[in-house]
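**Q** Have a look at the structure that comes next, please.
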Amino acid sequence: MKKFVTAVMLLSLLCSLIIGTGSGAAAAATTVPKLFLNGERLQTPVDPRFVDQYTFVPVRIVSESLGFKVEWAGKNVNISNGSNKIVLTLNSKTAVVNDREVTLDAPPFADKSTTLVPLRFVSQQLGLSVYWEKETQSVHLYQQESPKSPEEGSGSTGSGETGHNPDDAGALGTLSSITFDGISSVYLPYSGDISKIETQVLHNTERFVVDLRNTVMDSGLTANLENGQSSIAIDTHPSFTGIRYSNFKDKPTTVRIVLDFSAETPVNIVQEDGYIRLDVLEPGSVVVPPPVTTPGKDKPSNGKFKVVIDAGHGAHDSGATANGKVEKEFNLALVLKIKALLDQEPQIQPYFTREDDTFVELMDRAKFANDLGADIFVSVHGNKATPTATGTETYYTRDNSKALADVLHKHLLKATGLKDRKVKPAGFVVTKYTKMPAVLLEVGFLSNKTDVEIMFSEEKQNEIAREIVAGIKEYLKVS
Ligand SMILES: [Zn+2]
């Protein structure tokens with residue numbers, strides 16, 4: 001099963017929950033959203049539902065679960081907890097909250113003997129944060145007095161208290177490590193089940209906060225904690241400066257991961273096969289869309305296409321390591337085989353960011369290709385995740401790279417014979433800051449026994465190199 005949630009998508013989904021569209025309403029008629037409160041599925045007497053443009057939830061079950069009393073008085077529903085009092089009136093858009101009139105998006109209505117109220121009103125008035133999980137069509141409501149973030153936790157009741165010996169009651173998943181790949185992805189491999197993920201985008205000091213509910217850290221991670229938190233500094237990304245993480249005694253127990261940025265930076269979350277990956281894109285402000293180039297149209301002046309092949313990592317930056325193998329060695333071995341083939345191509349002039357075990361900065365790799373005025377850029381990498389993750393994937397960032405990604409992926413997949421993990425957009429430095437069509441190939445997983453065997457087989461490497469070259473030629477329309 002694959003889950004894909006982006007921060008942007010999350011926002012747009014929330015908007016579509018609230019705003020909706022004509023076509024959405026038609027589709028929604030058959031969809032019953034599941035309702036969760038603090039990670040617990042609420043058994044509702046009638047189904048939550050999309051009506052017109054709004055998501056409606058049964059108000060009694062939500063309120064009572066939060067300790068409010070719900071009483072009927074004629075057409076009114078009184079919701080109170082001693083300090084707060086909300087009066088709703090059936091079929092009226094006006095409610096009274098602590099003696100103040102509030103306008104609802106849409107009037108509450110009754111189904112059987114249950115009152116349904118727009119979700120947004122419930123979340124706002126009862127102090128809940130809302131998280132919509134598209135894959136499972138679930139609405140997650142969380143009480144906001146959930147974990148204090150590490151930076152807010154200064155002082156006596158702060159992080160010193162949380163984090164130590166987290167109460168693992170309710171833990172369903174165990175986070176085993178937090179690893180940055182040096183480019184743009186943070187890997188969070190885990191065992192068990194992590195199905196409740198809550199994210200927040202915070203500004204001022206730019207942060208992306210990920211709360212993994214019902215989750216604890218394994219002993220390797222908790223060993224790093226000092227005063228309940230730990231951090232990882234990052235200096236290889238234009239805006240991503242570090243990761244902080246902490247474990248909260250909370251209901252449910254929660255691992256919080258905070259990504260710190262020096263500028264507003266979008267993040268994609270991908271969850272699959274026992275790991276969560278946070279893809280940190282480039283800060284939007286610095287990106288100027290490059291001109292779209294059409295391959296095979298304008299012959300280069302010397303009659304040769306400039307093709308840059310980038311062997312990922314190098315020297316002290318070994319890339320992924322798993323199963324006794326090192327990614328930088330795979331990348332270089334494959335690239336040298338590609339070189340041997342490209343050197344024989346009369347219409348292609350190949351260039352290489354590295355041809356031995358040296359280190360090149362990511363931005364310098366992009367600059368190298370840009371300065372050359374290269375026609376295409378291909379970066380070669382190996383992947384790492386949990387042992388079960390397998391397959392071949394191809395990344396691109398800019399629209400002008402999608403066609404190259406599609407062609408190369410087709411060939412690459414043919415050679416590896418591994419699971420098709422598809423062509424995907426992501427904000428790698430080398431695919432973003434290059435100007436020409438640029439792709440990043442994740443040939444297979446070093447962390448997977450089958451993949452790594454293929455990746456380090458001489459015969460297979462030759463086949464993969466042949467297919468990559470065939471893909472380059474197909475794309476450039478050279479014979
Ligand atoms: Zn890599």
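**Q** Provide the per-residue ³J(HN,Hα) series for the stretch 345-361, in order, calculated from phi with Karplus coefficients 6.51, -1.76, 1.60 and θ = phi - 60°, each as a whole number of Hz, with x at glycine and proline positions.
**A** 8, x, 9, 10, 10, x, 10, 9, 6, 8, 10, 8, 7, 10, 9, 10, 4
**Q** Counting only residues 5 or more places away or on other chains, whose amide H sits under 5 Å from the amide H of G312 once H atoms are built in the peptide plane?
**A** Answer set, sorted by chain and number: V380.
**Q** Which value in nm describes the separation of the simple spin-label points at T94 and S231, placed 7 Å from the Cα toward the beta carbon?
**A** Going from the T94 label point to the S231 one covers 5.1 nm.
**Q** Step through the residues of the stretch 386-403 one at a time and calculate ³J(HN,Hα) from phi using the Karplus curve (6.51 cos²θ - 1.76 cosθ + 1.60, θ = phi - 60°), rounding each to whole Hz and writing x for Gly and Pro.
**A** 7, x, 7, 5, 8, x, 10, 9, 10, 10, 9, 10, 8, 4, 6, 9, 4, 5
**Q** Starting from the Cα-Cα distance between A110 and D193, subtract it from 0.36 nm times their residue separation and give me the gain in nm to one decimal.
**A** My answer for the length gained is 26.2 nm.
**Q** Of K367/K435; K435/K460; K339/K473; K196/K419, which ones are farther than 20 Å apart at the Cα?
**A** K435/K460; K196/K419
**Q** Please work out the Cα center distance from the stretch 348-427 to the stretch 440-479, rounded to the nearest Å.
**A** After rounding, the separation between the Cα centres reads 10 Å.
A short reminder: the numbers here are calculations on the coordinates, not readings from a lab. Values in this document were obtained by computation on a predicted structure and should not be read as measured data. All Cβ positions, even for glycine, are placed from backbone atoms using ideal geometry, and neighbour counts span all protein chains on display.
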